[in-house]
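Enquirer: Shown below is the structure under consideration.
The values are calculated or read from the model by the stated rules, or taken from the named source; none is laboratory data. Remember, it's a predicted structure, so these values are computed and weren't measured experimentally. Note that each Cβ is placed from the backbone with ideal geometry, even for glycine, and that neighbours are counted across all protein chains shown.
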Amino acid sequence: MNTMPEFAHTNGAMHADESPQTDHRVLGPANKPTHPMALAPVATPRHSVDGFVQEFLHELNTTQGVTLSASTINDQYKALALTVRNYLMARWLETTRNSIKSKSKAVAYLSAEYLLGRQLGNALLAADLADIAQEGLKQCGIELWQLRAQEVEPGLGNGGLGRLAACFIDSLATMNVPSVGYGIRYEYGIFRQTFVDGRQVEQPDTWLSLGSPWEFPHPEAAVTINFGGTTEKYTDEDGRERTRWLPEWDVQAIPYNYMVPGYLNGRVNTLRLWSAEATRAFDLQIFNSGDYARAVRAQTFAENISKVLYPEDSTPQGKELRLQQQYFFVAASIRDFINQVLGEDFDLHNLSDRIIFQLNDTHPVIGVPELMRVLIDEEGFGWDEAWEVTSKCFAYTCHTLLPEALEVWPTELLGRLLPRHLEIIYAINDRFLEQVRDRFPGDEVRVGRMSIIAEYPERAVRMAHLASVAATKINGVAELHSQLLRDKVLKDFADLWPEKFTNVTNGVTPRRFLRMANYKLSGLLTETIGSGWVTDLERLRELEPCADDPEFREKFREVKAFNKRRLTNLLRARDGIDLPEGHMLDVMVKRLHEYKRQSLKILHVISLYEQVISGKISADEITPRTVVFGAKAAPGYRLAKDTIHLINKVASVVNEDKRLDGRLKVAFPANYNVTLAEKLIPAADLSEQISLAGKEASGTGNMKFALNGALTIGTDDGANVEIRELVGDDHFFLFGMTEPEVEALQAKGYHPGEYYQNNPQLKAAVDLIQSGIFSGGDRGTFDSLTSSWLYHDRFMVFADFDSYIAAQKKVEEKYADQDAWTRSAILNMARTGYFSSDRSMRDYMTRIWNITPDF
Ligand SMILES: *Cc1c(COP(=O)(O)O)cnc(C)c1O
């Protein structure tokens, strides 16, 4: 029964809109009114169910313009989001005001991607409102979870790199670090994946179609970003030779602010994402010339810049629009920081006292020549002065080991789009190569290797080299990865500047991936060791003794069973997939890439199936297991898409075959994203981290699984190495070649065909694919895949097959002893608190940024 008022009581005072229509851009920073009461601009509403309900109904009435009884679920979701936002507002304004006032050093995290996940649950948690909201909504006849399910997650990233940025800004807010995230507000984020006949089909991600209640657009703070044109030399009034850029066209960068609330600490940082719009001047000029159609085209052209996220993960395409995106957001961010945060009278010689720009991979590296241009061309600095400042303001995180993932921009393209920046890059390179020649006289081969400019196959700018030259620090994202950067990928730079290199092992935020995603486990943890672990994850260590406590193990198993039921319900509703009860849940979720080796996992499934149908083993020898895949493939990546097709086809055959007695199932829910990860990971028993050693920089999925009590089957790669060291060999299923073994095999000459010929089990699995059994009798459907394995196998799936199968046997043995398995699962969780992104942030602060938190 609903006894709540239809209308909220509104504040009696009427607020006339007194602000005249002015062009805010003509208002200088001096024009800032103050009033003592402005110190507490928004009163925090009462933390009570009644207060909450009033606020909620008020939002429903005044913002959505509906009564409760007339409201749609989307109205309710939006009103709830606005209500929660209001609770955080005073803290946000306070944080922003303090950070401008305090003049402490801040971090600007520059990232082309933020894979944020849904915002509502996180905001409720940070504001400590979840229980109140649930109760208040219930009084209105609304279920909180239904409103949460309404939110479309902002998928403004591809995978690990974008999710890392999201975890980092969460930790920075929670740890009271003055910081701002800068990025791009893509109108279309990562595509929505669907399957048609088992093949991936991409649909546009229309995350903004119902509007986003989480963003605050600030068109009045727009920044103009220039492109194209030419440069010219001139002599200034002091008789100095100067250069100026005469751009050909420009766009407006409109900032959209997002709250980044810390966990129960009263701090709300800012994420500022830029959206492109046509400049008015440009428009008007064309409109006045009477060419309406052209004017509209110009607008479309400008707005294209932030239209869509490039869906390539690890294999960037040298597309002009992508470089436009990169320059667009980085130039806007640098300008924004200098103008809005520092203010007009700041002496830019001291810039590095106030800011460090952290470059999330090479995507924002064009910021280096941009800052040089600002200092030299706009501020009148000399070259050396400008370089002195610039080379202290950037730090570079490298995220890869794959040569094809290193970004390179043809000079033809870069020079056409950013002519002044290309000149500056050449000048940086000249001085840099002089340094190399001084240090290594006569070593012209080295000079060629290290040059920022590549000459083959075409003249191009190597962005990783530009980043390495300019950065104060260069870091890899796991111990092994950082070592391989020093020894291989960036070895020449490490020879020249060993002191620049450091490691910061990645982490994940315990708020989203444990506290929110696994609230049952969170409850058990808090009941056992208190709630301190949420912001001090190493305290999970206190749970180690619980691994030997049968009662705790039983509770832990109940939590896992609950999470499996929750996943079962979700997948039934979301995908029409039925998960069988009582199965081991074996999960491989991550972007689809050859180096990650989803093919090895599906070969394992095919091999089990083959052994049963050929009578080599009987179905009851198989451990009941459901293998769950989740993966998007880059739309132009043929082999990755073929792998998705194969997995789906194997699933439809295996799932239907009665000979397996229901003991082996394959589930591939479409559209893996953060929302699905939050449901899948807590339900998993086994975490698949099976990349070829030396290829996965770190991985963060591996950390999320271990923290949620899954055991890992994995190679000695990325952060798997550190996970295994922490949890211990007895609680980790290691397999495969080590990185030096991979290198040795490569050097000796790798012939996958030999493994196929010499390993009957592998041969039988591959032959089964080629028999056409998974493709309605057509033997050629998967030829591109099978021949790529048989004749190239760049990531040595065949070489590791045997070892993988053997490790899976060990998995089955351990799983048969549920007490032993649960014990290991508890120890995995208890020993991996190190992988909190809070710890990563602390490492960045001490090793790279030289920053201390605000208190
Ligand atoms: C954590 C995460 C990733 C990264 O997974 P890896 O296994 O480290 O590649 C990718 N996508 C989503 C949605 C994630 O949450």
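Enquirer: Under 7 Å between Cβ atoms, at least 6 apart or on separate chains: pull out the pairs that start in the stretch 721-738 with a residue that is at positive phi and end on any residue that is assigned to a helix (DSSP H, G or I) and charged (D, E, K, R).
Expert: As it stands, the answer is GLY736/ASP800, since those pairs meet every condition given.
Conditions (1) farther than 23 Å from ILE169 by Cβ; (2) away from the ligand (no atom under 16 Å from the Cβ), marked per residue:
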| site | (1), (2) |
| --- | --- |
| LYS103 | no, yes |
| SER111 | no, no |
| GLY136 | yes, yes |
| CYS140 | yes, yes |
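Enquirer: Name every residue in the stretch 700-728 that is more than 11 Å from the ligand (Cβ to nearest atom), among the aliphatic types (A, V, I, L, M) and in a helix (DSSP H, G or I), in order of residue number.
Expert: ALA706, LEU707, VAL721, ILE723, LEU726, VAL727
Enquirer: What number of residues in the stretch 606-645 are outside any helix (DSSP H, G or I), touching a residue at least 12 places away in the same chain (Cβ under 8 Å) and surrounded by fewer than 17 Cβ atoms within 10 Å (Cβ to Cβ)?
Expert: Qualifying residue count for the region: 3.
Enquirer: Is there a residue being in contact with a Phe, Trp or Tyr (Cβ under 8 Å, 6 or more places away or on another chain) and charged (D, E, K, R) anywhere in the stretch 253-270?
Expert: no
Enquirer: Here is a list of conditions, (1) crowded, with 24+ Cβ neighbours inside 10 Å; (2) within 11 Å of the ligand (Cβ to nearest atom), and ALA677 meets all of them except one; can you say which number that is?
Expert: Answer for ALA677: the failing condition is (1).
Enquirer: Continuing with the same structure: Answer yes or no as to whether LEU762 is outside any loop (DSSP other than H, G, I, E, B) and within 18 Å of ASP642 (Cβ to Cβ).
Expert: no
Enquirer: Then there is this: Regarding the stretch 185-206, can at least one residue be identified that is of a type in the set (S, T, N, Q), in a loop (DSSP other than H, G, I, E, B), modelled with pLDDT of 95 or more and away from the ligand (no atom under 16 Å from the Cβ)?
Expert: yes
Enquirer: Condition test on GLN119, is it closer than 27 Å to ARG512 by Cα and within 16 Å of the ligand (Cβ to nearest atom)?
Expert: Yes.
Enquirer: Which residue pairs have Cβ atoms closer than 8 Å, lie 6 or more positions apart in sequence or on different chains, and pair a first residue in the stretch 350-365 that is farther than 21 Å from LEU422 by Cα with a second residue that is acidic (Asp, Glu)?
Expert: Listed pairs, sorted by first residue: ASN360/GLU113.
Enquirer: Looking only at residues in the stretch 768-796 that are surrounded by 12 or more Cβ atoms within 10 Å (Cβ to Cβ) and among the acidic types (Asp, Glu), which one is farthest from the chain's Cα centre (by Cα)?
Expert: ASP783
Enquirer: So, in the stretch 389-446, of the ones that are hydroxyl-bearing (Ser, Thr, Tyr), closer than 15 Å to PRO369 by Cα and in the same structural domain as VAL477 (by TED's automatic domain parsing), which residue ends up surrounded by the fewest Cβ atoms within 10 Å (Cβ to Cβ)?
Expert: SER391
Enquirer: Sticking with this structure for a sec: Quick check on the stretch 618-628. Is at least one of its residues touching a helix residue (DSSP H, G or I) at 6+ places or on another chain (Cβ under 8 Å), within 17 Å of VAL605 (Cα to Cα) and within 16 Å of the ligand (Cβ to nearest atom)?
Expert: Looking through the stretch 618-628, at least one residue is touching a helix residue (DSSP H, G or I) at 6+ places or on another chain (Cβ under 8 Å), within 17 Å of VAL605 (Cα to Cα) and within 16 Å of the ligand (Cβ to nearest atom).
Enquirer: Could we say that ALA765 is of a type in the set (A, V, I, L, M, F, W, C) and either crowded, with 16+ Cβ neighbours inside 10 Å or within 30 Å of LEU525 (Cα to Cα) (or both) here?
Expert: yes
Enquirer: Identify all residues within the stretch 523-554 that are surrounded by 19 or more Cβ atoms within 10 Å (Cβ to Cβ) and either among the acidic types (Asp, Glu) or part of a helix (DSSP H, G or I) (or both); write none if there are none.
Expert: LEU525, TRP533, VAL534, LEU537, LEU540, LEU543, CYS546, ALA547, ARG553, listed by residue number.
Enquirer: Cβ contacts < 7 Å: first residue touching a residue at least 60 places away in the same chain (Cβ under 8 Å) and surrounded by fewer than 17 Cβ atoms within 10 Å (Cβ to Cβ), restricted to the stretch 303-315; second residue of a type outside the set (A, V, I, L, M, F, W, C) and in a helix (DSSP H, G or I), any location; separation 6+ or different chain. Result?
Expert: Short answer, once both residue conditions are applied: THR315/GLU404.
Enquirer: For the stretch 680-699, enumerate the residues that are more than 12 Å from the ligand (Cβ to nearest atom) and outside any loop (DSSP other than H, G, I, E, B).
Expert: Scanning the stretch 680-699 gives PRO682, ALA683, LEU686.
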